[in-house]
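Read through the structure below, which is laid out as structure tokens, and then see the notes.
The values are calculated or read from the model by the stated rules, or taken from the named source; none is laboratory data. Computed from a predicted structure; not experimentally measured. Note that each Cβ is placed from the backbone with ideal geometry, even for glycine, and that neighbours are counted across all protein chains shown.
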């Protein structure tokens with residue numbers, strides 16, 4: 001099984017473990033798995049070694065007319081590098097990164113996430 005398959009399975013399992021009301025809110029969010037930030041994302045200021053990214057409007061923003069629907073992007077090659085190619089560490093870092101980006105969707109800022117130990 002490759003890392004993309006592992007990531008898809010782990011992300012789905014993590015979502016299924018979330019409280020029902022949170023899963024319902026998350027239904028509007030696309031989860032995208034890509035190797036690393038693409039050239040357009042890098043041109044927009046996303047670091048090449050970024051692990052994850054939330055784009056679109058957060059729940060706190062409400063319907064602000066943002067042209068893109070909310071999405072969580074997980075950069076699997078970067079997560080894999082952070083985990084030093086360890087399967088167990090990869091799963092843990094994937095979960096941590098997903099929860100961090102989910103926090104942004106919920107409207108939490110970086111400081112809020114650090115306080116919750118989801119940095």
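Which one of these is under 21 Å from residue 107 (Cα atoms), in contact with a strand residue (DSSP E or B) (Cβ under 9 Å, 6 or more places away or on another chain) and surrounded by fewer than 14 Cβ atoms within 10 Å (Cβ to Cβ): 30, 24?
30
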Report summary line: Scanning the range 68-102 for residues that are closer than 20 Å to residue 34 by Cβ and part of a loop (DSSP other than H, G, I, E, B), the one modelled with the lowest pLDDT turns out to be 85
**Report entry** the range 42-65, residues that are in contact with a strand residue (DSSP E or B) (Cβ under 9 Å, 6 or more places away or on another chain), under 23 Å from residue 27 (Cα atoms) and assigned to a loop (DSSP other than H, G, I, E, B)
**Finding:** 51, 56
Query - Conditions (1) farther than 14 Å from residue 91 by Cβ; (2) touching a residue at least 24 places away in the same chain (Cβ under 8 Å); (3) in contact with a helix residue (DSSP H, G or I) (Cβ under 9 Å, 6 or more places away or on another chain); number of the one not met by residue 30 - result: (3)
